[in-house]
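**Student:** Can you read through this structure? Questions will come right after.
The values are calculated or read from the model by the stated rules, or taken from the named source; none is laboratory data. Being a predicted model, the structure only gives us computed values, none of them experimental. Cβ atoms come from the backbone with ideal geometry, glycine included; neighbour counts cover every protein chain shown.
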Amino acid sequence: MGLWDSYRMRVRRKRWLVRAVRKSGELTCLQDNTGTIQRDDVLLVSTMRNEQIRLPYFLEYYRKLGVNHFLFVDNGSDDDTTQYLNGMGDVSLWQTHASYRRSHFGVDWMNYLKRKYAHGHWVLVVDPDEFFIYPFCDTRPIQALTDWLDNSAIRSFSAMLIDTYPKGRLGDVPYQAGQNPMEIANWFDSGNYTISKNLMYGNLWIQGGPRARVFFADEPKRAPALNKTPLVKWDRRYAYVSSTHSLLPRGLNQVYETDGGEKASGALLHTKFLDTLGAKAAEELARSEHYANSREYKAYAEGLEQQPELWCKWSEKYINWRQLEILGLMSKGNWA
């Protein structure tokens, strides 16, 4: 990258940080426990709306993983999300009724919270239907991973989004609050992925899986991106610019080797495809607050009318992280 391009990226990053500070005025703090955050705590940041049914298992999963504090933005839920989180000592909660789309789909709000509270911390940014998997996660807490990353002078850690789904129609087995969604949606596509490079930010762009295969079969290049960098040793000068797909400075997107080797990476098990998706798609389609005029949710709403089965004869049943490594969907790299 030349000097002019580097200058443009610095200016762009500063604009994102200004946006974050400006959009912070849209947030109302409902519960502030940030004073309990310790220097070495691993933090989790998430924006949500009407996700109370998912929160019991989500919190259980990430607490067991080793997350110490949760920073949540509630975007105008009308279920019991805020009431459920009330009084939890490891949860700080903000609420806003402002436009999700005009906050760049929650990126501005989360950039502000990380800038104010997460400087110097490892931070995990995930949605309530995403479950972070990393090498040795069955035997080592997330602090083991972040310690190794610190010792290796690595600032960011990638995780490919892997859509999981049930065998049968999505509505056949109802999801219950507190249940591990992988008990229902435990199949995934082991192949069917394409990779290209984003020349502007230097990150890889991955598409495919069941969403491209079923909901975007006629336009697979319009399918949602599956590349994410959800775990970052945060600095107040950093900013996400497109969900967790890309960051500034650009060096944080260099989560892959260019000389034929492998960097350690993880996965995000994406459990969107439960019986709850129909109501969620209808709500988000009506709100029209998501990317590209909610194109993704329009595809879901139209596709679900046919009661599709995402399972096919090439589907794999999820076992553990080692299975994903064998399939080439994640890697332990040189972490032993």
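**Student:** Provide a single number: the residues in the range 93-113 that are in contact with a Ser or Thr (Cβ under 7 Å, 6 or more places away or on another chain) and closer than 19 Å to Pro230 by Cβ.
**Tutor:** Matching residues across the range 93-113 total 6.
**Student:** Tell me, yes or no, whether the range 237-255 has at least one residue that is under 23 Å from Phe105 (Cα atoms), among the hydrophobic types (A, V, I, L, M, F, W, C), buried (at least 18 other Cβ atoms within 10 Å of the Cβ) and touching a Pro at 6+ places or on another chain (Cβ under 7 Å).
**Tutor:** No: the range 237-255 contains no residue that is under 23 Å from Phe105 (Cα atoms), among the hydrophobic types (A, V, I, L, M, F, W, C), buried (at least 18 other Cβ atoms within 10 Å of the Cβ) and touching a Pro at 6+ places or on another chain (Cβ under 7 Å).
**Student:** Turning to a different aspect of this structure: Mind checking which residues of the range 5-26 are among the β-branched types (Val, Ile, Thr) and free of Cβ contacts under 8 Å to residues at least 12 places away in the same chain?
**Tutor:** Matches in the range 5-26: Val11, Val18.
**Student:** Are any residues in the range 47-74 buried (at least 21 other Cβ atoms within 10 Å of the Cβ), within 20 Å of Tyr240 (Cα to Cα) and in contact (Cβ under 8 Å) with a residue 60 or more places away in the chain, and if so, which ones?
**Tutor:** Matches in the range 47-74: Thr47 only.
**Student:** Ok, one more. When the residues of the range 286-336 are narrowed to those that are touching a strand residue (DSSP E or B) at 6+ places or on another chain (Cβ under 8 Å) and aliphatic (A, V, I, L, M), which ends up modelled with the lowest pLDDT?
**Tutor:** Leu310
**Student:** Still on this structure, I have one more. Could you check the range 116-202 for strands (runs of 3 or more DSSP E) lying wholly inside it with 3 or more residues that are over 30 Å from Arg39 (Cβ atoms)?
**Tutor:** By residue number, 159-165, 187-189, 193-197.
**Student:** Which of the following residues is assigned to a helix (DSSP H, G or I), closer than 30 Å to Arg115 by Cβ and in contact with a Ser or Thr (Cβ under 9 Å, 6 or more places away or on another chain): Glu296, Glu284?
**Tutor:** Checking each option against the conditions leaves just Glu284.
Residue-by-condition table, conditions (1) of a type in the set (A, V, I, L, M); (2) closer than 22 Å to Met110 by Cβ; (3) touching a Leu at 6+ places or on another chain (Cβ under 6 Å); (4) in contact (Cβ under 8 Å) with a residue 60 or more places away in the chain:
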{"residue": "Val125", "(1), (2), (3), (4)": "yes, yes, no, yes"}
{"residue": "Asp129", "(1), (2), (3), (4)": "no, yes, no, yes"}
{"residue": "Tyr134", "(1), (2), (3), (4)": "no, yes, yes, yes"}
{"residue": "Asp138", "(1), (2), (3), (4)": "no, no, no, yes"}
{"residue": "Ile142", "(1), (2), (3), (4)": "yes, yes, yes, yes"}
{"residue": "Leu149", "(1), (2), (3), (4)": "yes, yes, no, yes"}
{"residue": "Ala159", "(1), (2), (3), (4)": "yes, yes, yes, yes"}
{"residue": "Tyr175", "(1), (2), (3), (4)": "no, no, yes, yes"}
